[in-house]
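The values are calculated or read from the model by the stated rules, or taken from the named source; none is laboratory data. If you're wondering where the values come from, they're calculated on a predicted model, not measured in any experiment. Methodologically, a virtual Cβ is constructed for each residue, glycine included, from the backbone with ideal geometry; neighbour enumeration extends over all protein chains shown.
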Amino acid sequence: MKNTALSETHIKAGAKMVPFAGYNMPVQYAGINAEHETVRKAVGVFDVSHMGEFILKGENALDLIQRVSSNDASKLYDGKVQYSCLPNNDGGIVDDLLVYRIDEKTYMLVVNASNIEKDWNWISQFNTNGVDMKNISDRTSLLAVQGPKAAEALQSLTDIDLGSMEYYTFKKGKFAGIDNVIVSATGYTGAGGFELYFDNDHAGAIWDAVFKAGEPFGIKPIGLGARDTLRLEMGFCLYGNDIDDTTSPLEAGLGWVTKFNKEFTNSAALQEQKAAGISQKLVGFEMIDRGIPRHDYEIVDADGNIIGKVTSGTQSPSLQKAIGMGYVKTGFAKEGTEIFIKIRDNNVKARIVKPPFYK
């Protein structure tokens, strides 16, 4: 089990620790519902240092990214971030990721913790033109400071004007007295905020500085449990649940990051799939009757025929109702369609809705 640079800090703060993607991670501190509310209404801090970071550098760095990723990275400019995915050869997804353009010849890819080695090996096999690749995951810490008060809470720590930063942009500068911190207006909660990338050596100092500066704004540490309920309320996909090696980006509603103005891994087959039409689709649904949908529960029609399965589900703390995502046959994907979730042999009524659930 790997630790992040802050694992001991979490244990001392009374976090409940669990194994996650090979790391010892805090799942909750005060409780998932309270932490969820902190992020929606004020500001909370997640240690997400388990995520992976690769630096790609050289004349052909953009060409390599274009060949392995589905989105069009040529649209990036210095300081811009892009959401994308790595398609495999079989119509599925190796991983979803963020692409950061540091300069014309330097990019940072941010990948999921459970896929670091898989993604590295996958991208490396396409590196036929001498791109300098560095895996900096083990020496990089990442804090996500999320919530409507995040900019105010952090502003005293940097001369970067946080309030004016556009969504999906980043700046590199001094933060809490530390040079070369990447401050990125990104996050996985839909509550606004920033993600901070820095060397492990500075983790303790930056953690302490963030909490001291954020104290007047009610800042709290937040675990991965609330991260999951927050992302689900926004309808954001989680790799391993809603997308994986078998799910097509088109079925997963990721057509918006699948650009056919260039060739990339399996692009011809995906273009054919788009032309022919998909047979299943990832949808959002809310429960009408009582019951909480869970990963892998069957979705059935009014006659009890299996039409799909649940990929993510929870009791939404913000909405006070059970919500979920899952794949259904395309004929059942229309907003307003009634479906049923099989919960302990009972067919429990639900309705297709368009994410985000929380607006």
*Please determine, by comparing only the residues of segment 151-167 that are in a loop (DSSP other than H, G, I, E, B) and surrounded by 15 or more Cβ atoms within 10 Å (Cβ to Cβ), which one is nearest to the chain's Cα centre (by Cα).*
Met165
*Determine which single condition Lys274 fails, assuming it passes every other condition in (1) assigned by TED's automatic domain parsing to the domain that holds Val18; (2) of a type in the set (D, E, K, R); (3) in contact with a Phe, Trp or Tyr (Cβ under 9 Å, 6 or more places away or on another chain).*
(1)
*Among (1) more than 18 Å from the chain's Cα centre (by Cα); (2) farther than 26 Å from Glu272 by Cβ, which single condition is Phe126 missing?*
(2)
*Mind listing whichever residues of segment 173-191 are surrounded by fewer than 17 Cβ atoms within 10 Å (Cβ to Cβ) and either in contact (Cβ under 8 Å) with a residue 60 or more places away in the chain or within 22 Å of Val111 (Cα to Cα) (or both)?*
Asn180
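In contact with a strand residue (DSSP E or B) (Cβ under 6 Å, 6 or more places away or on another chain) and buried (at least 22 other Cβ atoms within 10 Å of the Cβ): is that true of Gln146 in this structure?
So Gln146 passes the test.
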*Restrict the check to segment 38-47 and report whether at least one residue is free of Cβ contacts under 8 Å to residues at least 24 places away in the same chain, of a type in the set (Lys, Arg) and in a helix (DSSP H, G or I).*
no
*Any chance segment 71-89 includes a residue that's of a type in the set (Gly, Ala, Ser) and in contact with a Pro (Cβ under 6 Å, 6 or more places away or on another chain)?*
no
*Answer yes if at least one residue in segment 280-296 is over 25 Å from the mean Cα position of the chain (by Cα), farther than 22 Å from Phe357 by Cβ and of a type in the set (Gly, Ala, Ser), and no otherwise.*
no
_Any hit, segment 232-243, residues being under 25 Å from Val348 (Cα atoms) and touching a Lys or Arg at 6+ places or on another chain (Cβ under 7 Å)_ = yes
*Out of curiosity, is Ala34 in a helix (DSSP H, G or I) and more than 17 Å from the chain's Cα centre (by Cα)?*
yes
_Condition met for Pro19 (in a strand (DSSP E or B), under 20 Å from the mean Cα position of the chain (by Cα), under 25 Å from Leu154 (Cβ atoms) and in contact (Cβ under 8 Å) with a residue 12 or more places away in the chain)_ = no
*In segment 54-97, which residues are surrounded by fewer than 23 Cβ atoms within 10 Å (Cβ to Cβ) and among the acidic types (Asp, Glu)?*
Glu59, Asp63, Asp72, Asp78, Asp90
*For segment 113-132, does any single residue satisfy the condition of being modelled with pLDDT of 95 or more, part of a strand (DSSP E or B) and not assigned by TED's automatic domain parsing to the domain that holds Val43?*
yes
*asked:* Considering only residues that are over 23 Å from the mean Cα position of the chain (by Cα), under 21 Å from Leu238 (Cα atoms) and surrounded by 18 or more Cβ atoms within 10 Å (Cβ to Cβ), which ones fall in segment 307-359?
replied: Gly308, Ala333, Ile341
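Rundown of residues vs (1) under 24 Å from Met234 (Cα atoms); (2) out of contact with any His (no Cβ under 6 Å at 6 or more places or on another chain); (3) in the same structural domain as Arg227 (by TED's automatic domain parsing); (4) at pLDDT below 95, yes/no style:
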residue: Pro19; (1), (2), (3), (4): no, yes, yes, no
residue: Asn33; (1), (2), (3), (4): yes, yes, yes, no
residue: Glu37; (1), (2), (3), (4): yes, yes, yes, no
residue: Ile55; (1), (2), (3), (4): no, yes, no, no
residue: Leu62; (1), (2), (3), (4): no, yes, no, no
residue: Leu76; (1), (2), (3), (4): no, yes, no, no
residue: Val81; (1), (2), (3), (4): yes, yes, no, no
residue: Gly91; (1), (2), (3), (4): no, yes, no, no
residue: Asp96; (1), (2), (3), (4): yes, yes, no, no
